[in-house]
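Derivation of every value follows stated rules applied to the coordinates shown; laboratory data play no part. As the structure is a prediction and not an experimental result, all values here were calculated from the model. Cβ coordinates were reconstructed from backbone atoms using ideal geometry, including for glycine residues, and neighbour counts include every protein chain displayed.
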Amino acid sequence: MHNHGEHEHHHLGHEHHYHIPTTGTLRLKEKEHLIDNIWAFRFNPDQPLSWTPGQFIRIEIPHDDADKEGTKRWFTISSTPHDGYIQITTRITDTTFKQALTTLKVGEEAQLIEQPDGDFVWQESDKPLVLVAGGIGITPFYSILKARGHSGQPVSATLIYSGRTNELPFKAEFDEASRRHPEFMVHYVIGEPLSAYKLTQLVPNINSSQVYVSGPESMVEELGKQLEENGLTGDALHQDYFPHYTEVNY
């Protein structure tokens, strides 16, 4: 798998897009502390942006004395098109980029350096959908499920959401969604690594499902390998990688 150097969010196959980036600015509308060290940043773009829930953008926040991870990152858009703003949800760490993001004041700007892209999106299927998130890897699923709920479409999926602790972003929203949508199931796996064995216990028919896995790069790779060894076919496995997150900080 290729890795685009230092960045936060990256989708397999993204390097094959040779489009010319369309630039713009994102003006900070508000920021909100969600839970633990996770914050949501909401921006107004200077031009209308269209995207499919689950896609990501690339942002630059120019700053002096940038560390080796640099001034640019990929982020999943965790808001939905009907929200009317662009939200990114992220853990705040001590990298210079994250510090520059944290100190942005309302009204200040980040640069949009690539338009929304990516194919980690809801695909209609006759098979049941299983969505597997490790930590901050929840962001594409949050956008996807929220958009479906808002447009009145069925949310026929099982979400398996793994975290180091119970401090999980969007947990209250998923609990509420599972009460509202009997076809939507959510399982939390706290403080233990996800494995194909664990997933099969929770979803016995996982090999006849479409499985989406999102989270730290190491987790997504290892779980994908285990699932395929366990009998899941490659075309039923969809993966979204978050480099820079590990089992320690996801």
Discussion item. Using alpha carbons only, how many angstrom separate the centre of the range 79-133 from the centre of the range 218-233?
Written reply: 25 Å
Practice prompt. Express in nm, to one decimal, how much length is gained between Thr233 and Lys127 on full extension, taking 0.36 nm for each residue of separation and deducting their alpha carbon distance.
Written response: 36.9 nm
Fill in: Extension gain from Ser151 to His63, taking 0.36 nm per residue of separation minus the Cα-Cα distance
27.7 nm
Response to the item:
Given the candidates Phe97, Tyr142, Gly224, the one whose Cα lies deepest towards the positive end of the charge dipole of the chain, counting +1 at each Lys or Arg C-beta and -1 at each Asp or Glu C-beta, is Tyr142
Practice prompt. Once you've got the GNM for the chain with C-alpha springs shorter than 10 Å, pick whichever of Gln87, Gln99, Gln239 has the biggest mean-square fluctuation.
Written response: Gln99
Item to complete: Determine the calculated [θ] at 222 nm for the chain from helices alone, applying -39500 (n - 2.57) to every DSSP H run no shorter than 4 residues and normalising by the residue count; nearest 500 deg cm²/dmol.
Response: -5500 deg cm²/dmol
Item to complete: Please work out the FRET efficiency for the pair Glu32 and Glu221, using the Cβ-Cβ distance as r and a Förster radius of 25 Å; give the result to the nearest 0.05.
Response: 0.20
Discussion item. How would Asp64, Asp240 line up from fewest to most surrounding beta-carbon atoms within 10 angstrom?
Written reply: Asp64, Asp240
Item to complete: Give the order of Glu221, Glu32, Glu114 when sorted by the count of other beta carbons within 10 angstrom, beginning with the fewest.
Response: Glu32, Glu221, Glu114
Discussion item. Explain nothing, just the number: dipole magnitude of the chain about its Cα centre with +1 on each Lys and Arg Cβ and -1 on each Asp and Glu Cβ, in debye rounded to the nearest 20.
Written reply: 640 debye
Worksheet item: By counting other Cβ atoms within 10 Å of each Cβ, how are Arg58, Arg27 ranked from fewest to most?
Response: Arg27, Arg58
Practice prompt. Can you pull the one-decimal nm distance between simple spin-label points at Ala172 and Glu109, each 7 Å off the Cα toward Cβ?
Written response: 3.5 nm
Item to complete: Run the numbers on the range 31-151 and let me know its relative contact order in percent, using alpha-carbon pairs under 8 Å that are six or more apart.
Response: 33 percent
Worksheet item: How compact and how long is the range 147-235, expressed as Rg and Dmax of its alpha-carbon atoms in Å?
Response: 13.8, 37
